[in-house]
Structures are given as structure tokens and as C-alpha cells.
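The values are calculated or read from the model by the stated rules, or taken from the named source; none is laboratory data. Computed from a predicted model, the values in this text were never measured in an experiment. Please note: Cβ atoms are built from the backbone with ideal geometry, for glycine as well, and neighbour counts cover all protein chains shown.
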Amino acid sequence: MMAKRIPTILPDLTFNEALEITKIHSIAETLSQDKPIITNRPFRAPHHTISVTSLVGGGQIPKPGEISLAHYGVLFLDELPEFNKKTLEVLRGPLEDKKITISRVNASLTYPCNFMLVASMNPCPCGYYGSKEKECTCLPDAITRYINKISGPLLDRIDIQVEVNQVKYRNLEDTRPAESSHEIRERVNKARKLQQKRYKEYGIYSNSELTQKLINEYCKIDSKTSKLLEDAFNKLGFSARAYNRILKVARTIADLDDKQNIELKHVAEAIQYRNLDKKYWKN
């Protein structure tokens with residue numbers, strides 16, 4: 001349910017983004033006759049039995065797969081460990097390159113796939129490992145096998161990792177008005193406009209597209225913040241890829257906070273989004 005709401009808070013599509021998405025869906029023959037252009041960000045949620053070809057694209061005449069159909073939108077993988085491990089590993093390249101090349105004897109085609117990967121999973125087969133509400137009934141080996149279906153390199157490419165605890169009944173009874181998707185989107189649109197203005201000469205839309213050179217230029221931090229990041233790396237064993245991704249997330253948090261520079265609190269929050277794997281993936 002939460003994943004399906006994500007497109008409602010993502011920034012509005014630009015005209016160029018809408019054209020790109022429409023072209024992909026036209027090639028895949030998924031456009032409806034009554035709506036010749038796609039104006040909303042895609043949300044794709046393939047079943048865990050999906051094949052590699054259906055996920056990344058292919059066929060005798062290579063067509064776009066789910067990762068391309070989710071271009072500029074959300075690809076949601078529910079119950080992540082239930083997917084074939086080889087299928088998941090194919091995502092590693094596209095998550096980095098934002099494109100997928102499909103080679104066949106008679107053709108080699110490249111499709112864009114700049115999507116937001118959103119995934120959910122239980123901590124173990126029974127779902128209660130680490131829970132304070134109910135005891136886990138799984139054997140240690142079963143938990144390890146389940147967790148290890150998600151490789152470290154794939155996990156390293158997921159910028160934000162959040163543990164969602166069981167909802168208590170009193171929270172379900174809470175009648176206080178919650179912030180609406182429209183209100184959240186207004187903040188997101190404001191941050192996106194800041195990014196578009198900042199990077200207009202580079203032809204990119206958002207912080208997620210920053211290259212190493214642009215990270216060095218636009219994600220500068222002071223000595224105190226750098227020391228915090230260094231301590232986190234030494235303690236948690238982050239990779240070089242994680243370093244860049246933490247800075248990108250911190251830059252986005254600062255934009256949402258309407259701050260010109262990345263501050264200590266922004267980096268501290270970004271680090272908090274990267275330590276879940278250290279709790280469950282200990283090896």
C-alpha cells in the first residue's frame with residue numbers, strides 16, 4: 001500500500017520525460033487508444049516469478065522489459081527474496097547505468113531505464129525475526145538462507161533502507177489528520193525545481209544523476225560533517241559506492257530542508273538510511 005502511494009508524491013513529469021515514457025510504452029505496445037501520451041509516473045509491480053527477459057527486456061525482436069516500462073517511475077518488487085536470485089542480479093548494471101542494452105544476432109538495442117527501485121521483504125520466512133511483539137519460529141540456518149538471497153552488491157545500490165515495525169492497534173485508531181500526498185508533493189516539486197535550476201547546464205534533472213565530478217562540486221561538506229562520515233565508514237564498513245550515495249541523499253535532504261549547503265544533520269540522517277543491512281546482513 002505504501003509503495004503504491006510513492007508515485008503520488010514524486011515530482012510532476014516534465015514534457016520531455018512524458019515523451020520518453022510514451023515512446024517506450026509505444027514500442028512495448030502497452031499504450032491505450034484513449035490515452036496516446038502518458039502523463040503520470042509509471043508504477044510497475046511484477047510478480048516474483050518474472051523471467052529475466054520480462055524484467056530487463058528481450059525476445060526475438062527485443063522489446064522493453066519492466067525496468068524500462070518503469071522509466072522515470074517506480075519498479076516495486078514485493079517479497080524480494082522470493083524472486084530468483086539470478087534475476088535480481090541482472091538489476092545491478094541498469095541501476096548504475098540507467099540504461100539496458102539487449103543484443104541479438106540481428107540487432108542490438110538500448111533502452112533507457114532510469115527508475116526508482118522500491119522493494120519490500122520480511123526479515124525471515126515467518127516474518128518475526130527481530131520482532132518485539134512475537135517470537136520468531138525460524139531456525140538460524142533458514143534465516144541466513146533467506147537473507148542471503150539478496151546479495152551485498154545489490155543491497156549496496158539501494159540508497160534508503162528502512163525497517164517498518166508492526167503497527168500497534170492504538171495507531172490504527174488514531175484519527176488525527178495525516179499530511180496529504182498533495183502537500184508532500186508540493187515540497188518535492190519545490191526541491192526538484194531547485195535541482196533543475198542547479199543542474200540546467202548539465203542536462204540532468206535530479207541529485208540521483210550526479211556524476212563523481214558534480215558530487216565533488218555540489219555535495220561539499222565541512223570538516224565536522226566529514227569527521228562524522230569518516231567515523232560511520234570505519235564503524236559500519238561502507239563501500240566507496242555508499243559514500244557517493246550518502247552524499248546524494250544528504251544533498252536531497254538539504255534541498256527538502258531548503259538549505260543551500262549540506263549540514264551535519266543532513267548527513268547524519270542519510271547515514272541512518274544505510275545501516276539496516278548491517279543489522280541483518282552481518283557477513
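For segment 70-85, indicate whether the set of residues that are assigned by TED's automatic domain parsing to the domain that holds Thr22, modelled with pLDDT of 90 or more and touching a Gly at 6+ places or on another chain (Cβ under 8 Å) is non-empty.
Checking segment 70-85: not a single residue is assigned by TED's automatic domain parsing to the domain that holds Thr22, modelled with pLDDT of 90 or more and touching a Gly at 6+ places or on another chain (Cβ under 8 Å).
In a helix (DSSP H, G or I), out of contact with any helix residue (DSSP H, G or I) (no Cβ under 9 Å at 6 or more places or on another chain) and modelled with pLDDT under 95: is that true of Asn234 in this structure?
Yes.
Of the residues Arg157, Arg170, which is over 24 Å from the mean Cα position of the chain (by Cα) and among the basic types (Lys, Arg)?
So the residue among Arg157, Arg170 that is over 24 Å from the mean Cα position of the chain (by Cα) and among the basic types (Lys, Arg) is Arg170.
For Val74, indicate whether it is surrounded by fewer than 17 Cβ atoms within 10 Å (Cβ to Cβ) and either touching a helix residue (DSSP H, G or I) at 6+ places or on another chain (Cβ under 6 Å) or among the aromatic types (Phe, Trp, Tyr) (or both).
Here the answer is no, as Val74 does not meet what is asked.
Take the residues in segment 180-237 that are within 17 Å of Glu17 (Cα to Cα) and aromatic (Phe, Trp, Tyr), then tell me which one is surrounded by the fewest Cβ atoms within 10 Å (Cβ to Cβ).
Tyr202
Of (1) surrounded by fewer than 17 Cβ atoms within 10 Å (Cβ to Cβ); (2) over 26 Å from Ala270 (Cβ atoms); (3) of a type outside the set (Val, Ile, Thr); (4) over 22 Å from the mean Cα position of the chain (by Cα), Cys138 satisfies all except one. Which?
Here Cys138 meets the rest and fails (1).
For Ser68, work out the one condition from (1) of a type in the set (Gly, Ala, Ser); (2) in contact (Cβ under 8 Å) with a residue 40 or more places away in the chain; (3) surrounded by fewer than 14 Cβ atoms within 10 Å (Cβ to Cβ) it doesn't fulfil.
The single condition Ser68 does not satisfy is (3).
Quick grid of which residues meet (1) in the same structural domain as Ala270 (by TED's automatic domain parsing); (2) among the aromatic types (Phe, Trp, Tyr); (3) free of Cβ contacts under 8 Å to residues at least 24 places away in the same chain:
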residue: Asp156; (1), (2), (3): no, no, no
residue: Tyr169; (1), (2), (3): no, yes, yes
residue: Arg176; (1), (2), (3): no, no, yes
residue: Arg187; (1), (2), (3): yes, no, no
residue: Arg198; (1), (2), (3): yes, no, yes
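Would you kindly identify the strands (runs of 3 or more DSSP E) lying entirely within segment 1-117 that contain at least 2 residues that are touching a strand residue (DSSP E or B) at 6+ places or on another chain (Cβ under 7 Å) and more than 26 Å from Gly127 (Cα to Cα)?
Result: 99-103, 108-112.
Consider segment 89-136. How many of its residues are within 24 Å of His48 (Cα to Cα) and of a type in the set (S, T, N, Q)?
So the count comes out to 4.
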